[in-house]
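Data block below; observations after.
The values are calculated or read from the model by the stated rules, or taken from the named source; none is laboratory data. Here the structure is a predicted model, which is why all the values come from computation and not from measurement. For neighbour counting, all protein chains shown are included, and Cβ atoms are generated from backbone atoms with ideal geometry for every residue, glycine included. Note: areas computed on protein heavy atoms with side chains; ligands, DNA, RNA excluded. Shrake-Rupley method; radii C 1.70, N 1.55, O 1.52, S 1.80 Å.
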Amino acid sequence: MNSTMNDHVSYDYVIIGSGAGGGPLAGNLARAGQKVLLLEAGGVYEGYNYQVPAFHPLANEDVHLRWDYFVRHYADDEQQRRDRKFTPERNGVLYPRSGTLGGCTAHNAMITIYPHNSDWDEIVRLTGDLSWSSDKMREYFERLERCSYVRAPLLRSRSRFLAGLLRAIPRLSPLLGNPGRHGFHGWLTTNLADPTLVVKDRELLKVIVAAAEATLTETLGRPLTPLESLEGYFDPNDWQVQLRNSQGLWLTPIATHVGKRTGTREYLRRVQKAFPDDLTIKTNALATKILFREDNTAVGVEYLEGKHLYRADPNADQNTHVPAVKRVLVKKEVILSAGAFNTPQLLKLSGIGPREELAHFGIETRVHLPGVGENLQDRYEVGVVYEMKADFPLLRDLTFKAPIPGQKPDPGFIAWQAGKGVYATNGVVVGISKKSSQDKDVPDLYIFGLPSSFQGYFPGFSKELETARNYFTWAVLKAHTRNSAGRVTLRSADPRDVPDINFHYFHEGNDETSEDLQAVVNGVEFVRGMMQHAHNVVQKEIIPGEDIKTQEALRQFVRDQAWGHHASCTCKMGPQEDSMAVVDSKFRVYGTRNLRVVDASVFPRIPGFFIASAIYMISEKASDVILMEALDKRMSANGREEKSRERVLPRHR
């Protein structure tokens with residue numbers, strides 16, 4: 001390949017990836033006056049599949065937005081083929097990713113649920129870094145959130161002093177009238193679906209009432225009191241819920257603003273408009289290698305500029321032209337935020353990873369880090385699907401499609417244009433958090449209901465969701481999974497190739513007690529018991545099916561049909577003495593200087609129920625860490641004693 005070096009172009013920071021990790025980080029650094037280049041391998045497309053919350057399944061399969069990964073759940077081919085979602089010609093199961101500005105925040109279901117406090121406190125235990133404590137991490141959530149569904153009387157008062165104090169010192173929130181510790185001035189707007197939509201649909205309401213009766217009886221032993229309802233019991237993000245590790249029935253917060261999807265893309269655009277000289281966004285730019293000096297100091301990035309270059313792009317086969325390699329230099333740091341699949345891939349292509357794997361592909365090892373690409377984790381999820389006796393009136397006359405030019409929009413689209421109605425939601429009508437067994441410290445199951453048939457991801461899955469009118473699905477999501485045996489390995493040394501990804505589910509993994517498997521089975525059984533209260537509106541159970549009755553039959557169903565969509569932990573954070581750790585508690589890659597990772601891959605264990613909020617929070621934290629270290633370096637350059645934190649971190653032996 002030909003190469004061009006842009007020696008005259010340099011930035012303080014180059015960030016690779018514009019998703020939940022890299023997007024907020026780029027915006028925050030630019031707002032602080034740093035010169036930032038953000039490289040995004042995908043393009044920018046903003047059709048209705050992006051904008052309309054209820055169209056998120058269509059966004060997953062939109063040719064303008066999607067990257068198709070086909071992953072293995074098992075190495076055992078016989079077991080893998082038992083999955084109805086398996087695509088033989090691709091030798092795997094569809095794992096949708098989004099190749100566009102905003103990354104996977106451009107196609108996700110927008111669910112914004114705070115992770116568990118124990119997720120952060122475990123990082124403190126592993127690293128000894130007290131700045132990761134749950135109380136301190138809550139401040140980052142308050143900083144990024146703009147909550148639209150909880151009243152904030154103090155912030156709306158005439159006291160500019162008190163409002164400013166609360167913004168500046170979030171930990172004072174409980175003392176100043178914000179016991180729920182929500183944020184009201186951040187970049188991410190959160191909302192709840194209009195609960196009156198369910199009330200208008202008698203069939204749907206009967207299902208929800210059944211869920212409420214079963215859930216509240218089991219988790220509380222009694223019905224809710226009016227006072228508990230007023231205190232925000234239905235808000236899973238309330239700080240008191242976190243302190244109590246509460247189980248129960250919840251409305252599900254989502255990231256929307258005036259009925260439209262909102263996320264990192266919108267934040268980046270606001271920052272770029274306000275600080276055009278400080279934030280440069282380059283789309284259709286596929287990073288291929290990190291550039292280093294001999295002492296392992298990152299000094300820049302090589303990338304290819306062009307559309308449809310990465311082979312996960314469904315249009316990649318149409319692009320036979322390989323552009324010249326471009327290089328961009330960096331004054332301060334390179335930051336990887338390419339996600340749990342592509343961050344380890346790029347590290348390995350740059351010579352950072354397991355020595356044997358790199359040698360196999362003819363890549364010279366710069367830093368032997370055996371943990372790169374290891375420790376891959378995910379949720380387990382299955383759908384329990386019911387055929388109802390009648391269509392849901394709420395869905396009547398809805399096409400779940402954008403209007404064709406020249407044709408009249410359906411009633412749902414007209415309502416959405418006014419920021420209301422079904423299309424302004426993500427389809428989730430209620431959520432339940434519960435412990436799969438009473439010995440759990442925190443709830444590890446999130447069971448959410450949607451009036452549709454959802455059985456996981458496979459080519460064409462969104463079409464089935466469009467046409468379902470008399471189906472209801474309870475999705476059983478198992479969090480805090482024990483299995484950490486998944487791997488991301490190189491397929492070749494070609495940066496355009498998708499890596500090999502194998503999660504090694506259940507018995508192939510390292511959950512020797514099968515705790516994960518039993519937890520999902522317990523969740524399915526809970527749903528079945530719950531739906532007995534709705535027998536007057538249910539025709540029959542479709543999935544798993546009424547013929548699957550025994551515990552062993554249910555276990556086999558879960559082994560065969562489970563899926564996930566929150567890949568993480570492939571560049572895990574840990575102490576220096578952990579040979580499998582890739583980054584330290586300040587996101588710095590071991591054995592290098594001026595190189596960090598800020599995305600889902602850094603978690604040592606998968607956090608919470610839905611991972612987006614946790615990634616947003618670490619992005620906010622990384623912003624503070626990076627800016628503080630930049631200040632320290634500037635002070636050192638002015639003659640002050642250099643801090644010990646600036647040393648080159650030793651390589652693993």
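General observations
- Within region 606-632, residues that are modelled with pLDDT under 95 reach partners that are open to solvent by 10 Å² or more (accessible area, probe 1.4 Å) and assigned to a helix (DSSP H, G or I) with beta carbons closer than 8 Å, at six or more positions or on different chains, in the pairs G608/D119; E629/R645; E629/E646; D632/R645; D632/E646.
- Residue among V598, V589, V538, V582 that alone is within 23 Å of A211 (Cα to Cα), in contact (Cβ under 8 Å) with a residue 40 or more places away in the chain and not acidic (D, E): V538
- Answer residue from region 59-69, given it is touching a residue at least 40 places away in the same chain (Cβ under 8 Å) and over 18 Å from the mean Cα position of the chain (by Cα) and is surrounded by the fewest Cβ atoms within 10 Å (Cβ to Cβ) among those: V63
- Condition met for R469 (open to solvent by 20 Å² or more (accessible area, probe 1.4 Å) and of a type in the set (K, R)): yes
- Filtered by the rule that a residue be of a type in the set (K, R) and surrounded by 24 or more Cβ atoms within 10 Å (Cβ to Cβ), region 590-633 gives a lone residue, R596.
- Restricting attention to region 238-272 and to residues that are touching a Pro at 6+ places or on another chain (Cβ under 6 Å) and farther than 20 Å from G103 by Cα, the residue that is surrounded by the most Cβ atoms within 10 Å (Cβ to Cβ) turns out to be W250.
- Unmet criterion (only one of (1) touching a residue at least 24 places away in the same chain (Cβ under 8 Å); (2) open to solvent by 10 Å² or more (accessible area, probe 1.4 Å)) for I290: (2)
- Total residues in region 369-406, condition more than 22 Å from P57 (Cβ to Cβ) and either of a type in the set (S, T, Y) or surrounded by fewer than 19 Cβ atoms within 10 Å (Cβ to Cβ) (or both): 5
- Search result, residues across region 267-276 that are touching a residue at least 40 places away in the same chain (Cβ under 8 Å) and farther than 22 Å from T343 by Cα: Y267, R270, V271, Q272, A274, F275
- Odd one out for G449 among (1) modelled with pLDDT under 95; (2) open to solvent by 30 Å² or more (accessible area, probe 1.4 Å): (2)
- In region 455-466, the residues that are in contact with a strand residue (DSSP E or B) (Cβ under 7 Å, 6 or more places away or on another chain) and open to solvent by 20 Å² or more (accessible area, probe 1.4 Å): Q455, Y457, F458, P459
- Residue in region 516-524 that is open to solvent by 10 Å² or more (accessible area, probe 1.4 Å), touching a Ser or Thr at 6+ places or on another chain (Cβ under 7 Å) and not in a strand (DSSP E or B) present: yes
- Which listed residue is farther than 30 Å from E139 by Cβ, at pLDDT 80 or above and within 29 Å of the chain's Cα centre (by Cα), from L204, L249: L204
- Within region 480-500, the set of residues being of a type in the set (K, R) and out of contact with any Pro (no Cβ under 7 Å at 6 or more places or on another chain) comprises R482, R487, R496.
- For F275, the conditions (1) modelled with pLDDT of 95 or more; (2) open to solvent by less than 40 Å² (accessible area, probe 1.4 Å); (3) of a type outside the set (S, T, Y); (4) out of contact with any strand residue (DSSP E or B) (no Cβ under 8 Å at 6 or more places or on another chain) all hold with the exception of (2).
- Residues of region 87-100 satisfying the condition of being assigned to a loop (DSSP other than H, G, I, E, B) and surrounded by fewer than 24 Cβ atoms within 10 Å (Cβ to Cβ): N91
- Residues within region 443-471 that are aliphatic (A, V, I, L, M) and part of a strand (DSSP E or B), tallied: 3
- Of all the residues in region 410-442, those that are crowded, with 16+ Cβ neighbours inside 10 Å and outside any helix (DSSP H, G or I) number 17.
- Residue match in region 70-78 (condition: aromatic (F, W, Y), closer than 24 Å to V325 by Cα and assigned to a strand (DSSP E or B)): no
- Residue that is least open to solvent (accessible area, probe 1.4 Å), among those in region 113-142 that are farther than 15 Å from V241 by Cα and among the β-branched types (V, I, T): I123
- If the condition is being buried (at least 22 other Cβ atoms within 10 Å of the Cβ), in a loop (DSSP other than H, G, I, E, B) and touching a Gly at 6+ places or on another chain (Cβ under 8 Å), then region 472-489 contributes A479, N483.
- Within region 319-336, not a single residue is at pLDDT 95 or above, within 20 Å of G103 (Cβ to Cβ), among the basic types (K, R) and open to solvent by 20 Å² or more (accessible area, probe 1.4 Å).
- Taking strands (runs of 3 or more DSSP E) as the structural unit, those lying wholly within region 271-390 and holding at least 1 residues that are under 22 Å from A622 (Cα atoms) correspond to 279-282, 285-292, 298-305, 325-336.
- Condition check for R84 on (1) among the basic types (K, R); (2) at pLDDT 95 or above; (3) open to solvent by 60 Å² or more (accessible area, probe 1.4 Å); (4) part of a helix (DSSP H, G or I): one failure, at (4).
- Among the residues of region 521-541, at least one is of a type in the set (D, E), modelled with pLDDT of 95 or more and over 28 Å from the mean Cα position of the chain (by Cα).
- Tallying residues that are among the small types (G, A, S) and open to solvent by less than 10 Å² (accessible area, probe 1.4 Å) within region 525-547 yields 2.
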